[in-house]
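See structure below.
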Amino acid sequence: MTIGVLALQGDVREHVAALADLGEAARPVRTPGELDGLDGVVLPGGESTTLSMLLASSGVGDELAGALAAGLPAFGTCAGLILLATDVLDGRPDQRSFGAITMTVRRNGYGRQAESFECGLDVPALGGEPVPAVFIRAPVVEAVGPDVEVLATLPAGTGAAAGRPVVCRQGPVVVAAYHPELTGDRRLHQLFVELVKEHRETRR
Amino acid sequence: MPDAPSPVPATGTFTVKRGLADMLRGGVIMDVVDAEQAKIAEDAGAVAVMALERVPADIRRDGGVARMSDPALIEGIQAAVTVPVMAKARIGHFAEAQVLAALGVDFVDESEVLTPADEAHHIDKWAFTVPFVCGATNLGEALRRISEGAAMIRSKGEAGTGNVVEAVRHLRSILGDLRRLTQADPAELYGWAKELRAPIELVREVATTGRLPVPLFCAGGIATPADASLVMQLGAEAVFVGSGIFKSDDPARRARAIVEATAHYEDAALVAKVSTGLGEAMPGAEMATLDVKLAERGW
């Protein structure tokens, strides 16, 4: 099984390390050819406008759009969530939206860096203790489609954003508004790895 | 099992500060002096912009005391772009840093490019919610800045010269000493701490991990896509470009070319392609001709 990590910009190393902890050797993806033969792809945190530009200039964007449309499992965190969403508010007009998960997101919806925060987050699908969640200039999920399963929402005490979805899944696509890769908690990566395995078996 | 994380949100923690630095890795941070330049930088794919009144080449030319920018300029740039906005405070000038924090900048650069305000002390960066980046010429300086709370280290290089030689010297010094530290005997680490003038706990940590506990970026003298590729291959995790873009013939094209070369730094064919026909780079300066070495500021 091969999982790729989009490696054009952002915290690629942490995602590769998280997958390595789970026994999956991840492959960095910088060119369209490096998408060949992947069973799943991770879109890391970073700056979504920069990633959009580099997706276009490298040619990875069009290839990846095709692969996602054909059902390639994907896991996006923060900027990766923005790229996978259908609709982006406060983005740039030329910003890439793969539309792999039906949701409307607002870039930097929580505000500037001064409003970035970390907290414990209950994610029932992951079981056990709350996960440590680090939100960095995070996108706010404004609305989700009927096929989207909301796996976690922000707890009370997080101001206007309380109750917003922060972990979602639609088919083989999982997104988080925070950065599980910045903590040692591997449960969300584990969930994605299992999803990729499942998807691979059903395609056989 | 560690204690369960608290559901109460916490801002300004070291994880949150360092997290933004991590998100900028693999990108290019560009100096801009107005909203129009900020737009050009964002259009070209900058991961962040550094708002300042004059680029280092002009500060060098004009002389005099260089200070924090006018808040109106910073606010104009914040309104023009969606990427993070950084701004510079003088070394030790914690009141300028407080003003920048009040303006809501995303990162403060405690910078030797401005005239130092304190000849003995840097800012206590733990006292702030906003993250700080600081320059360093060697590992000891980097670890001292981290012990003061910096969430990102950049090489100082020699700003405003278009000459990458000092940035290379600083990166090689920091990364070379990190490699040597990993080979040191535990008893030798006390000697290292003394020589580096850095806390033993931090020296022990980097001796174990082989890397700084915060991202290491490169600044000071980057002028071409090949310069960006060079410093990334040496081990920098992202690139600051100061005068190099807006002092060149075609800033928009050069900015984009440097962004692509930073992302694909190991792909020489791509660096060749984006370097082709870029027009004149900024005029450069030899180190021996400089009256003021900015990198010597800071302690």
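The values are calculated or read from the model by the stated rules, or taken from the named source; none is laboratory data. Note that the coordinates shown come from a computational prediction; the quantities given were computed from them, not determined experimentally. Glycine gets a Cβ as well: all are built from the backbone with ideal geometry, and neighbour counts include every protein chain shown. The accessibility values were calculated without ligands, DNA or RNA, using every heavy atom of the protein model including side chains. Shrake-Rupley method; radii C 1.70, N 1.55, O 1.52, S 1.80 Å.
By the gyration tensor of its Cα atoms, with a ≥ b ≥ c the square roots of the eigenvalues, what is the shape of region B:156-229: rounded for a/c under 1.5, prolate for a/b over b/c, or oblate?
Since a/c reaches 1.5 and a/b is larger than b/c, the shape of region B:156-229 is classed as prolate.
Using alpha carbon coordinates only, what is the Rg to Rh ratio of region A:2-202, with Rh defined as the Kirkwood radius?
So for region A:2-202, dividing Rg by the Kirkwood Rh gives 0.93.
From the gyration tensor of the Cα coordinates in region B:1-156, what semi-axes in whole Å does the equivalent ellipsoid have, largest first, with each one equal to sqrt(5λ)?
Largest first, region B:1-156 gives 25, 20, 15 Å.
Mean separation of Cα pairs under 8 Å and 6+ residues apart, divided by the residue count of chain B: what relative contact order is that in percent?
19
Let me have the relative contact order for region A:2-202, percent, based on Cα pairs under 8 Å that are six or more residues apart.
Normalised by residue count, the contact order of region A:2-202 is 18 percent.
Could you tell me which of rounded, prolate or oblate describes region A:48-91, using a ≥ b ≥ c as the square roots of the eigenvalues of the alpha-carbon gyration tensor, with rounded for a/c under 1.5 and, failing that, prolate when a/b is larger than b/c and oblate otherwise?
Because a/c hits 1.5 or more and a/b fails to exceed b/c, region A:48-91 counts as oblate.
Shape of the protein assembly as shown from its Cα gyration tensor (a ≥ b ≥ c, root eigenvalues): rounded if a/c is under 1.5, otherwise prolate when a/b > b/c, or oblate?
prolate
Accessible area of B:TRP126, 1.4 Å probe, to the nearest 10 Å²?
130
Of all accessible surface on region A:57-153 at a 1.4 Å probe, what whole percent is carbon and sulfur?
Exposed carbon and sulfur together represent 46 percent of the surface.
Among B:67-73, B:181-187, how do they line up by average Cβ neighbours within 10 Å per residue, starting with the highest?
Packing order, densest peptide first, comes out as B:67-73, B:181-187.
List the GluC sites (Glu not before Pro) within region A:1-86 that fall in a DSSP loop (any state other than H, G, I, E or B) and whose Cβ has at most 10 other Cβ atoms within 10 Å.
Filter output for region A:1-86: empty list.
Excluding A:VAL105 itself, calculate the net charge of residues whose Cβ lies under 12 Å from the Cβ of A:VAL105, where each Lys or Arg counts +1 and each Asp or Glu counts -1.
0
What is the mean number of Cβ atoms from other protein chains located within 10 Å of the Cβ atom of each residue in peptide B:257-263, rounded to a whole number?
Across the residues of B:257-263, the mean count of other-chain Cβ atoms within 10 Å is 3.
With a 1.4 Å probe and all protein chains kept in place, how much accessible area does B:TYR190 have, in Å² rounded to the nearest 10?
Accessible area, nearest 10 Å²: 130 Å².
Just the ratio, please: alpha-carbon radius of gyration of region B:67-161 over 2.2 N^0.38 Å, N its number of residues.
Ratio of Cα Rg to 2.2 N^0.38 Å: 1.04.
What net charge do the residues around A:ASP87 carry, taking every other residue with its C-beta under 14 Å from that of A:ASP87, with Lys and Arg at +1 and Asp and Glu at -1?
Neighbour charge sum, excluding A:ASP87 itself: +2.
Across bins of 5 angstrom width beginning at 0, how are the C-alpha pair distances of region A:95-164 distributed, in whole percent?
3, 14, 23, 25, 21, 12, 2, 0
Taking Rh as the Kirkwood radius computed over C-alpha pairs, what is the Stokes-Einstein D of chain B at 37 °C in a medium of viscosity 0.692 mPa s, expressed in µm² per second?
Translational D for this selection: 170 µm²/s.
Could you please report the charge total around A:LEU38, scoring K, R as +1 and D, E as -1 over all other residues with beta-carbon less than 12 angstrom from its beta-carbon?
-3
Taking 2.2 N^0.38 Å as the expected size of a compact globular protein, what ratio does the Cα radius of gyration of region A:113-204 give against it, to two decimals?
Cα Rg divided by the expected 2.2 N^0.38 Å: 1.13.
Could you pull out every whole DSSP H run in chain B that spans at least 24 Å of Cα extent along its own axis and averages -1.0 or higher on the Kyte-Doolittle scale?
What comes out of the filter, once short or polar helices are dropped, is B:165-182.
Determine which lysines satisfy two conditions relative to B:LYS39: a Cα distance under 17 Å, and not lying fewer than 8 residues away in the same chain.
Within the straight-line cut-off, B:LYS39 pairs with B:LYS247.
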